[in-house]
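To keep things clear, I will list the structure first and then write my remarks on it.
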Amino acid sequence: MARRKKLKSFFLGLLLLGFISFAPAAAPAIPAETPERPLLLKIAPPAEEVIRVVVAAGGTVVQDLRSSLLVSVPAAAVSRLRDEGLTFTSVGSPAPGDSYFLVQSKLPSPLLAQPGNIHCLLLEEGVWLLWTDNPDFRGWLIQPFRLKALRLAGGFPGRSAAMPPRTDEGAAESRARSVSVIQDLVAKVSLERLRTDILALQNFTTRYASTAPCEAAGDFILQRFGQLGLAAAADPFVFEWHYASRNIVAVIPGKAAPEHMVLVCAHYDSTSNYPLVSAPGADDNASGTAAILEMARILAAEKFNLSIGLLCVSAEEWGLYGSAHYAQEARQQGAEIIAVVNLDMIAYPGSRQRVLDVIGNRQSEWLADRFIAVAQPYVGLRLAKVIDASLTWSDHSSFWDQGYAALCGIEDSDNPYYHSTSDTLETLDLAFATEAVQASLAAVAELAQPVTSLAAPTGLQAQSQISASLFASVKTVFLNWQANPDPVAGYHVFRAEKSGGPYLRLTAQPTTGTSFKDSLLASDRNYFYVLTAVDGQGRESNYSGEVRDDENN
Amino acid sequence: MRTINVKFYRRRAFWPALFLGLFFVSLPAVTGAVEKPRQRFFIGLAAGYLYPQQGDFREIYSKAIWPVELQLELAVGRKISVFSAARYMETSGNTVLLFPGQPAEAYALNWRMATLRLGVNYRLSSSRFVPFVGAGASASFYREQWLDAPLTTEGRKAGFFVQAGGRYRLQRRWHALVQLEYASVPAGSGPRGQVNLGGLSLFLGLLAGIF
Ligand SMILES: [Zn+2]
């Protein structure tokens with residue numbers, strides 16, 4: 001069946017190709033532009049200023065790349081972009097029924113042949129834009145391929161300022177306590193459990209999204225979360241018009257700031273050269289999925305100030321559909337996901353040095369730095385930071401698109417069994433996978449802040465005032481908070497010039513009241529405050545939630 | 001929060017002008033008051049009331065401002081005279097709040113300004129009462145100081161003024177002066193927008209004809 005269809009499209013393609021070769025040379029397979037359709041443009045450089053101009057002109061960023069941006073703008077706005085001095089090239093005007101994808105390929109073309117209804121354009125090194133109205137276009141792609149489905153509308157209109165999480169620096173007592181908690185957690189990671197889970201996932205034969213075994217694998221994960229006593233749910237979605245699958249998500253609610261979430265994710269679906277028949281996907285990505293299950297087991301037994309989300313997504317191999325669905329819903333609901341750690345292929349270090357790449361985009365660089373700083377001391381494998389917005393080939397990219405800080409932990413090697421029926425447990429290095437899980441666990445636990453014996457202060461509010469003379473002005477910030485339920489000796493007040501710190505302690509001795517005035521500040525900037533509580537033995541709590549100086553004005 | 005470090009009180013221009021002024025004030029006594037029907041050179045002292053043109057200025061320095069001035073005037077024709085003047089004013093005030101709904105925080109302020117004025121008057125008659133109109137340019141040296149915070153802004157700004165007034169001869173040598181003046185001294189921008197240090201002022205004074 002599939003082969004006949006392929007043949008049919010091939011000949012149809014040949015026919016179209018013949019047609020196109022007689023068409024004027026100036027029309028290189030780009031759909032005709034009509035005024036009412038938006039235009040896809042490639043703009044360089046991918047600067048914040050460019051994004052502002054595009055958004056102001058009514059456009060959206062479709063894809064943020066290493067050296068350019070792919071944007072969708074109303075046709076009428078093109079002259080405005082030109083007036084603003086932007087340099088861009090038109091990539092075409094999406095026709096109804098066309099689907100757009102990014103394809104990774106270092107080959108001269110990602111296609112076996114070029115049928116007329118599949119169009120390719122090189123955006124930058126190794127990154128192709130593909131658009132087609134042919135639902136069977138995957139048959140024309142050279143194996144193995146990596147795909148990302150693009151959404152031409154509904155994306156986050158530009159990058160957000162990533163929100164760094166509260167840090168624990170400076171609070172010596174709680175820091176020491178956090179470190180000992182994290183040490184204990186890291187020691188609990190079990191190689192044998194990883195092996196068991198990878199094998200269980202591999203035994204579903206195929207986890208190709210859209211197939212029944214893939215859904216069964218989803219049920220397996222849901223059940224495992226349930227056994228840990230976690231609130232877990234399936235998050236169903238539809239992709240490519242008529243296929244359906246589910247993300248499986250569980251949450252460990254935070255104790256101090258449950259609205260803030262550290263999310264760890266992995267795709268549980270798989271693919272191969274015969275995806276309907278066999279796709280064991282042991283490295284890709286039973287390894288990441290098993291890591292989530294193992295982290296869930298360990299983290300569920302500990303208390304954290306922030307919530308921890310455990311997300312297993314599906315249809316990644318089809319083009320990141322599951323994570324795109326989750327990330328978009330999260331953004332629409334205003335979910336405060338402070339960091340996303342995506343694990344995809346963490347068990348095949350190859351013959352080279354044992355290296356786990358930590359991939360981020362520019363907005364997530366702080367997260368990559370933080371991940372490495374926290375996790376490296378616990379593991380022998382080397383954590384290598386890679387900042388490249390064009391590395392969109394896994395689920396972290398869906399979170400980048402929604403303006404969240406996200407990174408991908410991935411082995412720094414070329415797995416020869418990648419996307420094949422031979423990607424099985426025997427080929428894996430589980431000691432490497434164990435260390436990768438330990439690193440991720442340490443970073444996630446640190447980001448979510450283990451709860452200390454003394455509760456962090458709550459109810460911090462800030463109002464600011466500016467006092468002005470003719471020529472000068474100063475800002476005064478008035479803080480107040482709720483008295484801790486536990487007996488405390490006082491509170492320390494900290495100030496930062498950036499959200500998330502580093503924080504400077506303002507109180508030499510703990511202040512005993514529940515208010516504080518910070519005077520003579522620059523009036524033209526914002527300040528950020530957190531508190532700690534200190535008990536009679538001098539032990540200090542974690543930081544409270546952060547407030548901006550004018551948050552309650 | 002910008003602080004302009006012009007120590008104008010230590011500048012050369014201020015003290016010689018003051019010294020020169022005092023010298024001329026004492027001149028009649030020294031020279032034994034030579035009587036001439038009409039003097040061409042006058043020296044005088046005046047004090048007045050300033051109404052700052054800018055609302056911010058009035059709000060911050062809400063107390064009345066009483067400038068004092070030393071004037072030198074030289075008639076260069078039947079109708080025209082040139083004059084120069086040194087003026088000084090000082091007042092105190094309090095900062096204002098930019099966010100009215102929020103908790104208040106006020107700081108005490110001190111304001112000083114010295115102005116050197118140079119201009120031309122046109123006399124409208126030559127009887128005992130002499131109305132006149134005039135105009136000229138000014139250089140103002142100011143200092144705004146926060147008394148309980150380490151914040152001081154100093155600066156020097158040029159401006160212009162127009163004035164009208166009258167002079168009444170009390171005796172051969174002594175004249176009473178009344179003078180209404182509008183001055184503009186644009187002084188750049190502050191926290192609430194453009195600042196102008198000028199305004200409307202009314203002066204009363206006494207002039208002595210020297211020669
Ligand atoms: Zn994968």
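Taken as a whole, the range B:70-86 holds at least one residue that is more than 14 Å from chain A (Cβ to nearest Cβ), aromatic (F, W, Y) and open to solvent by less than 30 Å² (accessible area, probe 1.4 Å).
Pairs linking a residue in the range A:278-296 that is open to solvent by 10 Å² or more (accessible area, probe 1.4 Å) to a residue that is within 13 Å of the ligand (Cβ to nearest atom), with Cβ atoms under 9 Å and 6 or more positions apart or on different chains, are A:S278/A:S272. Among the residues of the range A:108-136, the one identified as under 19 Å from A:S420 (Cα atoms) and out of contact with any helix residue (DSSP H, G or I) (no Cβ under 7 Å at 6 or more places or on another chain) is A:P110.
Taking strands (runs of 3 or more DSSP E) that fall entirely within the range A:439-535, which contain at least 1 residues that are buried (at least 23 other Cβ atoms within 10 Å of the Cβ) and outside the structural domain of A:Q363 (by TED's automatic domain parsing)?
Here the list reads A:461-468, A:473-480, A:490-496, A:528-534.
For the range A:47-120, the strands (runs of 3 or more DSSP E) that sit wholly inside it and include 2 or more residues that are open to solvent by 40 Å² or more (accessible area, probe 1.4 Å) are A:87-92. Summed over the range A:375-418, residues that are in a helix (DSSP H, G or I) and open to solvent by 20 Å² or more (accessible area, probe 1.4 Å) total 5.
Being within 14 Å of chain A (Cβ to nearest Cβ), touching a strand residue (DSSP E or B) at 6+ places or on another chain (Cβ under 9 Å) and farther than 23 Å from B:Y51 by Cβ is true of B:T152.
Of A:L293, A:L306, all but one fail to be more than 13 Å from the ligand (Cβ to nearest atom) and under 25 Å from A:T427 (Cβ atoms); the exception is A:L293.
What number of residues in the range A:228-242 are in a loop (DSSP other than H, G, I, E, B) and either open to solvent by less than 90 Å² (accessible area, probe 1.4 Å) or touching a helix residue (DSSP H, G or I) at 6+ places or on another chain (Cβ under 8 Å) (or both)? Of the residues in that region, 4 qualify. Checked against the criterion of being closer than 30 Å to A:D136 by Cβ, open to solvent by 10 Å² or more (accessible area, probe 1.4 Å) and touching a helix residue (DSSP H, G or I) at 6+ places or on another chain (Cβ under 6 Å), the candidates A:R246, A:R224 yield just one match: A:R246.
Residues of the range A:491-508 that are modelled with pLDDT under 90 and in contact with a Gly (Cβ under 9 Å, 6 or more places away or on another chain): A:G501, A:P502, A:Y503, A:L504, A:R505.
Here A:T421 meets each of (1) touching a Lys or Arg at 6+ places or on another chain (Cβ under 6 Å); (2) in a loop (DSSP other than H, G, I, E, B) with one exception, condition (1). Does any residue of the range A:193-203 turn out to be on the phi < 0 side of the Ramachandran plot, assigned to a loop (DSSP other than H, G, I, E, B) and either open to solvent by 20 Å² or more (accessible area, probe 1.4 Å) or not aromatic (F, W, Y) (or both)? Yes, the range A:193-203 contains a residue that is on the phi < 0 side of the Ramachandran plot, assigned to a loop (DSSP other than H, G, I, E, B) and either open to solvent by 20 Å² or more (accessible area, probe 1.4 Å) or not aromatic (F, W, Y) (or both). Determine if the range B:61-68 includes at least one residue that is closer than 21 Å to B:Q179 by Cβ, touching a residue at least 40 places away in the same chain (Cβ under 8 Å), open to solvent by 40 Å² or more (accessible area, probe 1.4 Å) and touching a strand residue (DSSP E or B) at 6+ places or on another chain (Cβ under 8 Å). Checked against the condition, which is being closer than 21 Å to B:Q179 by Cβ, touching a residue at least 40 places away in the same chain (Cβ under 8 Å), open to solvent by 40 Å² or more (accessible area, probe 1.4 Å) and touching a strand residue (DSSP E or B) at 6+ places or on another chain (Cβ under 8 Å), the range B:61-68 yields no hits at all.
The number of residues in the range A:333-362 that are within 16 Å of the ligand (Cβ to nearest atom), touching a residue at least 60 places away in the same chain (Cβ under 8 Å) and part of a strand (DSSP E or B) comes to 5. Of all the numbered requirements in (1) surrounded by fewer than 16 Cβ atoms within 10 Å (Cβ to Cβ); (2) away from chain A (no Cβ under 14 Å), B:G55 misses one, and that requirement is (2). Apart from one condition, A:E365 fits all of (1) assigned to a loop (DSSP other than H, G, I, E, B); (2) without any contact (Cβ under 8 Å) to a residue 24 or more places away in the chain; (3) within 13 Å of the chain's Cα centre (by Cα); the exception is (1). Within the range A:405-415, one or more residues are more than 16 Å from the ligand (Cβ to nearest atom) and either among the small types (G, A, S) or assigned by TED's automatic domain parsing to the domain that holds A:E329 (or both). The lone criterion from (1) under 14 Å from A:L447 (Cα atoms); (2) open to solvent by 20 Å² or more (accessible area, probe 1.4 Å) left unmet by A:Y274 is number (1).
A:A250 falls short on exactly one of the conditions (1) within 16 Å of the ligand (Cβ to nearest atom); (2) in contact with a Leu (Cβ under 7 Å, 6 or more places away or on another chain), and that condition is (1).
The values are calculated or read from the model by the stated rules, or taken from the named source; none is laboratory data. Small disclaimer: the values here were computed from a predicted structure and weren't measured. All Cβ positions, even for glycine, are placed from backbone atoms using ideal geometry, and neighbour counts span all protein chains on display. Keep in mind that these areas ignore ligands, DNA and RNA; they rest on the heavy atoms of the full protein, side chains included. Shrake-Rupley method; radii C 1.70, N 1.55, O 1.52, S 1.80 Å.
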